[in-house]
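Asker: Got a structure for you, questions after.
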Amino acid sequence: MLKTSTTDVVPEKKVEANSDRKFKLTAKDKYYASIFVGPSLFLLGLFVFYPMFRTLYISLFLTNSFGNTTLFVGLDNYVKLISSPDFVASMWVTVVYVVGVTFFTIAMGLLLANLASQKLPGIAIFRTLYSVTMGVSVSVAAIFWLFIFNPSAGFFTLLTKMLHLPTVNWLTSPTNAMWAIIITTVWMHLGFVFLVFLGAIESVPTTLYEAADVEGVSSRYQFFHITLPMISPTLFFVSTITIIGSFKSFGLIDLITKGGPTNATNMLVYRIYNDAFFGGNYAKSSAEAIILAIIIAFFTYLQFKFLEKKVNY
Amino acid sequence: MVKYKKFTMPLILILGIILIGLFGKALSAKSAAVKDNRTEVVLWHEMGGPAEKSLEKIVTGFNKSQKKYVVVPKYQGSYDAAIQKILQTHNTNTSPAVFQAFDISAAQMMHSGFITPVQEFIDKDNFDVSKISPVARAFYSNKGKQQSLPFNTSQPVLYYNASLLKKYGITPPPVSPSYDDITRVAKAIYEKSDHKVKGMTVQIYGWLLEQAMANAGVSLTNNNDGHTGFPTKATITNPASKEFFEWIRENQKAGDFMDYGSGAMSGTNQTTGFLNGKVGIYIQSSASMSQLNKKNKNELGITYFPHPNGKKANGVAIGGAALWISNDKPKDVQQGAFEFIKYTLKPEVQAQWQKDTGYLALNKDSQNTSILKSLYKKHPEAKVPSQQLQEAVPNNFNSGILMEGMQKTRQIEQFAMEEIYNGGDIHRALKNADKKIDDNLTTTNRANGRSTK
Amino acid sequence: MANIDETAILKRIFSYFLLIFLAVVILAPFFIGIWTSFLPTADILKGNFFSTNVSLNNYFDAFTQTPILRYLGNTVVISIITMFAHLIFCSMSAYAFVFLDFKYKKVFFALFMVTMMLPSEAAIIPNFQTVKALGLLDHYSAMIVPSLTSAFGTFMLRQSFMQTPMELKEAADIEGLNHFQIYWNVVLPYNRISLITLGAYSFLGAWNQYLWPILVTFSNNSRVIQNGLKQLQSEETFNNWGMIQASAAIIVIPTIIVLFIGQHYFKSGMNEGAVK
């Protein structure tokens, strides 16, 4: 299954177009192959494959205070997780977060990219400004926004006071804390997503728009009937990487909410970390890690599959 | 020849990378290396901010006081995160010779088999421990053997903005207040400030719930908080903890309660709020005191931890941490670690430590030093935490909870507190907490091969 | 005619208005953060945003009172080494998958693709044990060795290598070059844009590592900047907001400068490699 997907992912439109001129050396040479692929294969084996099997193994046991496996319990850890309302709530929270982040990142990214793709004097400045958050790392984003959300001296508090509005408890109410994390994440990802969309929109053939202009079609219609369909592969790509990225979110949660309040932002990776490196329950954490791996694998597989399909039409 | 050269370029680059990697390793190792021939004693601690500066002063003092050892302090972040780091690095060259581990990890450390009980060194050196606070010592001893020695000990106390009370003509709470005493003051602050200043806050912090239960004389788990056997069942659902939460709820309903949440910044935000006169009363470790004094433009008031109405306070447990010696280092390093521990407990060192941080001086002779005398003269209220400690009669309920997995328990407690603060049913929240702790206890005991019966 | 011009102008004005408004919204956190980094903490806490006590004191404090320079140095070394390691190992394996024919090539490639599906976050427990067994805890190597190579990088370069044109092969054949020579003298130079893109990604990826360094660093000697910032805001103490904002600014300004310079490559890279 995987083999077919991988071999098919490779060829692309461009490659196929000049495949007859493709650079191809065929020397059956074990020596060269082992030197060229060997190091990477070894490293991936040691730090990706082995740990996955090891995690799976640990997840079938109970672990003692030192993290050593002691008692084989089969799928007990998984059964316990799935039947624990806490874990189910965590999964739900993770899904809400992923959906929220993906939706708003894409909507904002498209809006910005569409605006910035106009041919206006000085547009280059805006393109640069919009992509600026690409240079922001987790800790910086967290600090900037923590200050904005700060209940006593924060910027939002000040703003609401100036406008005589009731103050919002950003980080103490479960719903607002989720919004706070979503806003920060979207902000952080926006620069990258904007650039990707901008690149895609710019590569849409201008003749399509020219034809539409001649027919006097509104720009909104152009966006939904020309731009969107034309960039749909990029849209799919951005969705999957945003989904995968937000499932793996950790830094912002650790820095802003620590999973609270009432576990409202206690997402999967934070749980994995928390259960193992705070709670010392390595078995439970491993079971959660396997669940994460399955989810990520599913979305990555979707992405591969799609790339493969794209080649076929 | 030329061809041959180009052929080797990639290989040279790879070698280069490996070399840079090794260099990086050497670089990171080197800066910690010993300068002269002294024995290096690595100390892991969790004192951030000003307390870190103060601890570094102690370390420098120790390194200057003798020529045999050099202590290298390494900050490990929060108390919580440090525990697994200590357990997981044991027997590696990264692990510390002496480390600071907080109160609730005592049981875990004792059972780990990774430590050398300090009793061995006490016996060998004939070190006189009688001057060290017996309550604090008892917390870290097991079956008459001292496992570790307390370093920083704090008491939870209640702080209030005394200037604010004067301004509005509110009678200050008594030195050992009941819940109602505090409610009265908190409501008065809120009303008289025209709802501009919130009356009180209680941080969502498991430690405070534990203290409320200790002060009410009830236990958190069966087997007397683990003092008479391994705990197997949690007992958070009891009238005393309900009364504690009903007290908070009453103030929430009156509108004078401020919720700072439990996020990464809640502690800071709360202190900031108090300092800027946005909330009048809050409960926190006595370790915050010196900083409050330093930065506060208002007069600071301190009382004991509040107790249930119509009952006498049972006294709270100590908080803070102890210094432990790992058994994976050579004998001379361990001896060096003990020399350092002894140094930290000197009267002047402890006195300066209390003055700098607010942690209580553990050596009885510290009270006679000029350092503390001048502190009490300037800030008479600084005496309150020590008095609270002295007045408490140690019993099973206020001597800490001897249970493994206390960190997870704290998170569960905090979850319950959050639920209640957000309007959830008190009884149900506590029942859920009990159930979750029970589940963890069952798993822990099973995984470590203990009978749950 | 005049009518059309007018609506076009109105449309333009509206466009600019929207562009500027969104730019302000997106940049606001930066402005707030950087502006407050110049203010004394006391003023920030009082909510006195438009204070005129502007100074560089917070920056001075950040450099002198915190190990931020050490954190920055650690992170730069780790990120640069990781970047070069990715460039070498990924390009080598990509070369093999494109230009060499060997047994189990498809199987190996499938394995590479599978690793892209496995999140490193799920492997932290065994990886911690491995790094511990190798004696690398609290060293730079603990953060470098597990990420010396990347399946994504290999995949991306492979896509790019496949488009190397025929003429170059012919030239190489005439010269009689071996694989190392072709790799080094023909393929790498031809694909330098993709290599620069991968380098930038790898650098940023290493720079932004957060979870893994928390687990394997135990002292300021090896602590990286992302975790270092967290250390600065210690919880039970007062927050020196001014200084913290200054440290955030110190970290973000260099990356933004790098981004502005490298923007062209990023864009072209994204459209070439990743986004197809």
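Asker: Let me know the charge dipole size of the range A:78-310 about its Cα centre in debye, to the nearest 20, where only the beta-carbon of Lys, Arg (+1) and Asp, Glu (-1) is charged.
Answerer: 280
Asker: Quick one: if you stick a label point 7 Å off each Cα along the C-beta vector at C:Asn48 and B:Lys145, how many nm between them?
Answerer: 5.9
Asker: If you average over every viewing direction, what projected area does the convex hull of the Cα atoms of chain B give, in nm²? Intermediate results must be reported in sequence, preceding the final value.
Answerer: Numbers: hull surface 112.2 nm².
Taking a quarter of the hull surface, the average projection is 28.0 nm².
Asker: So for the range B:104-243, what are the equivalent ellipsoid semi-axes in whole Å, largest first, each being the square root of 5 times an eigenvalue of the Cα gyration tensor?
Answerer: On the way: eigenvalues 317, 83, 28 Å².
The equivalent ellipsoid of the range B:104-243 has semi-axes of 40, 20, 12 Å.
Asker: Quick one: which of B:Lys143/B:Lys378; A:Lys258/B:Lys295; B:Lys67/B:Lys295 span more than 30 angstrom between C-alpha atoms?
Answerer: Cα-Cα > 30 Å for B:Lys143/B:Lys378; B:Lys67/B:Lys295; rest within.
Asker: Another one. Using θ = phi - 60° and the Karplus form 6.51 cos²θ - 1.76 cosθ + 1.60, what ³J(HN,Hα) does each residue of the range C:180-194 get, whole Hz, x for Gly and Pro?
Answerer: Per residue, the Karplus-derived 3J(HN,Hα) values read 4, 5, 5, 4, 7, 9, 10, 6, 4, x, 5, 9, 5, 4, 4 Hz.
Asker: Also: Each label point is 7 Å from the Cα along the Cα-to-Cβ direction; what then is the distance between the points at C:Arg192 and A:Phe223, in nm?
Answerer: For the pair C:Arg192/A:Phe223, the computed spacing is 4.0 nm.
Asker: Can you put B:Val41, B:Val71 in order, fewest other beta carbons within 10 Å first?
Answerer: In order of increasing Cβ crowding within 10 Å: B:Val71, B:Val41.
Asker: While we're here: Can you check how the C-alpha radius of gyration of the range A:78-310 compares to 2.2 N^0.38 Å, as a plain ratio?
Answerer: 1.18
Asker: Given all pairs of different Cα atoms, what value in angstroms does the Kirkwood hydrodynamic radius of the protein assembly as shown take? Don't jump to the answer; show the numbers that get you there.
Answerer: On the way: mean 1/r = 0.0322 Å⁻¹.
By the Kirkwood definition, the hydrodynamic radius is 31.1 Å.
Asker: What FRET efficiency do you get for C:Asp61 and A:Thr70 if R0 is 56 Å and r is their Cβ-Cβ distance, rounded to the nearest 0.05?
Answerer: Calculated value: 0.70.
Asker: From the backbone phi of the range C:110-126, what are the Karplus-calculated ³J(HN,Hα) couplings (6.51 cos²θ - 1.76 cosθ + 1.60, θ = phi - 60°) in whole Hz, Gly and Pro given as x?
Answerer: Calculated HN-Hα couplings, in order: 4, 4, 4, 5, 4, 4, 5, 8, 9, x, 5, 4, 7, 10, 5, 5, x Hz.
Asker: What percentages, rounded to whole numbers, describe P(r) for the range C:127-178 computed over all alpha carbon pairs with 5 Å bin width beginning at zero?
Answerer: Cα pair-distance distribution for the range C:127-178, in percent: 4, 16, 13, 10, 10, 11, 9, 8, 8, 8, 0.
Asker: Sticking with this one: Nearest 10 degrees is fine. How inclined is helix C:2-36 to the longest principal axis of chain C, computing both from alpha carbons?
Answerer: 80
Asker: If the chain between B:Asn293 and B:Glu56 were fully stretched, how many nm would it gain, using 0.36 nm times the residue separation less the Cα-Cα distance?
Answerer: 83.2 nm
Asker: Quick one: which residues, 5 or more positions from B:Thr221 or on another chain, have an amide H under 5 Å from its amide H? H modelled 1.01 Å from N in the peptide plane, none for Pro or chain starts.
Answerer: B:Thr235
Asker: If you don't mind, there's one more thing I want to ask. Mind pulling the angle between the C-alpha long axis of helix B:426-447 and the longest principal axis of chain B? Nearest 10 degrees, somewhere in 0 to 90.
Answerer: It is inclined by approximately 30 degrees.
Asker: To continue, here is another question. Each label point is 7 Å from the Cα along the Cα-to-Cβ direction; what then is the distance between the points at A:Phe298 and C:Val76, in nm?
Answerer: Going from the A:Phe298 label point to the C:Val76 one covers 4.5 nm.
Asker: Please report the orientation-averaged projected area of the range C:25-117, defined via the convex hull of its C-alpha atoms, in nm². Intermediate values should be presented prior to the final figure.
Answerer: Working: hull surface 42.8 nm².
Value for the range C:25-117: 10.7 nm².
Asker: Taking other Cβ within 10 Å of each residue's Cβ, how do B:Thr39, A:Thr234 sort, fewest first?
Answerer: Arranged by neighbour count, lowest to highest, B:Thr39, A:Thr234 become B:Thr39, A:Thr234.
Asker: Please turn the phi angles of the range C:138-152 into ³J(HN,Hα) values with the Karplus equation 6.51 cos²θ - 1.76 cosθ + 1.60 (θ = phi - 60°), one per residue in order, whole Hz, x for glycine and proline.
Answerer: Each residue's phi maps through the Karplus curve to give 6, 10, 3, 4, 4, 8, 8, 4, x, 10, 5, 10, 8, 5, 4 Hz.
Asker: Quick one: which residues, 5+ away or cross-chain, put their amide H under 5 Å from the amide H of B:Val41? H built at 1.01 Å from N.
Answerer: B:Val70, B:Val71, B:Val72
Asker: A further question follows. What angle do you read, to the nearest 10 degrees and between 0 and 90, between the alpha-carbon axis of helix B:79-89 and the longest principal axis of chain B?
Answerer: Approximately 30 degrees, to the nearest 10.
Asker: Given a Förster distance of 51 angstrom, what is the FRET efficiency for A:Leu56 paired with B:Glu391, based on the Cβ-Cβ distance and rounded to 0.05?
Answerer: Efficiency at R0 = 51 Å is approximately 0.40.
Asker: Here's another thing I want to ask about it. Residues in the range A:111-149, backbone N under 14 Å from the label point at C:Ala28 (7 Å along the Cα-to-beta-carbon vector): list them, ranges by number please.
Answerer: Only A:145-149 fall inside the zone, counting backbone N under 14 Å.
Asker: Once you have the Cα-Cα distance between B:Lys378 and B:Asn93, take 0.36 nm times their residue separation minus that, and quote the gain in nm to one decimal.
Answerer: Value of the extension gain: 97.9 nm.
Asker: I would also like to ask the following. Along the charge dipole of the range A:151-291, which of A:Met188, A:Phe155, A:Phe277 sits closest to the positive end, that is, farthest toward it, with unit charges on the beta carbon of Lys, Arg, Asp and Glu (+1, +1, -1, -1)?
Answerer: A:Phe277
Asker: Pop out the Kirkwood hydrodynamic radius of the range A:187-313 from its pairwise C-alpha distances, inverse of mean 1/r, in Å to one decimal.
Answerer: That comes to 17.7 Å for the range A:187-313.
Asker: Here is a further query. Report, in whole Å, the centroid distance computed from the Cα atoms of the range B:40-65 and the range A:164-234.
Answerer: Cα centroid of the range B:40-65 versus Cα centroid of the range A:164-234: 52 Å apart.
Asker: Between A:Val79 and C:Ile13, what FRET efficiency comes out of the Förster formula 1/(1 + (r/R0)^6) with R0 = 51 Å and r the beta carbon distance, rounded to 0.05?
Answerer: Efficiency computed from Cβ-Cβ geometry: 0.20.
Asker: Quick query: amide H of B:Gly358 versus all other amide H atoms, modeled in the peptide plane; which residues come in under 5 Å with a sequence gap of 5 or more or a different chain?
Answerer: B:Ser290
Asker: Past 32 Å, Cα to Cα: identify those pairs from B:Lys312/B:Lys355; B:Lys166/B:Lys253; B:Lys64/B:Lys297; A:Lys80/B:Lys74, in the order given.
Answerer: B:Lys64/B:Lys297; A:Lys80/B:Lys74
Asker: So what's the projected area for chain C, the Cα convex hull averaged over all directions, in nm²?
Answerer: 23.5
Asker: Test of understanding: what is the full-extension gain from B:His195 to B:Asp439, defined as 0.36 nm times their sequence separation minus their Cα-Cα distance?
Answerer: Full-extension gain reported as 83.5 nm.
Asker: Per residue of chain B, what 222 nm ellipticity follows from adding -39500 (n - 2.57) for every DSSP H run with n ≥ 4, rounded to the nearest 500?
Answerer: -15500 deg cm²/dmol
Asker: Can you tell me which aspartates and glutamates have their Cα less than 17 Å from the Cα of B:Lys311? Leave out same-chain residues fewer than eight positions away.
Answerer: Those aspartates and glutamates meeting the cut-off are B:Asp180, B:Asp181, B:Glu243, B:Glu246, B:Glu391.
Quick note: the coordinates plus some simple rules give every number you see, no bench work behind them. What you are looking at is a predicted structure, and each value in this text was computed from that prediction instead of being measured. No Cβ is skipped: glycine too gets one built from the backbone with ideal geometry, and neighbour counts run over all protein chains shown.
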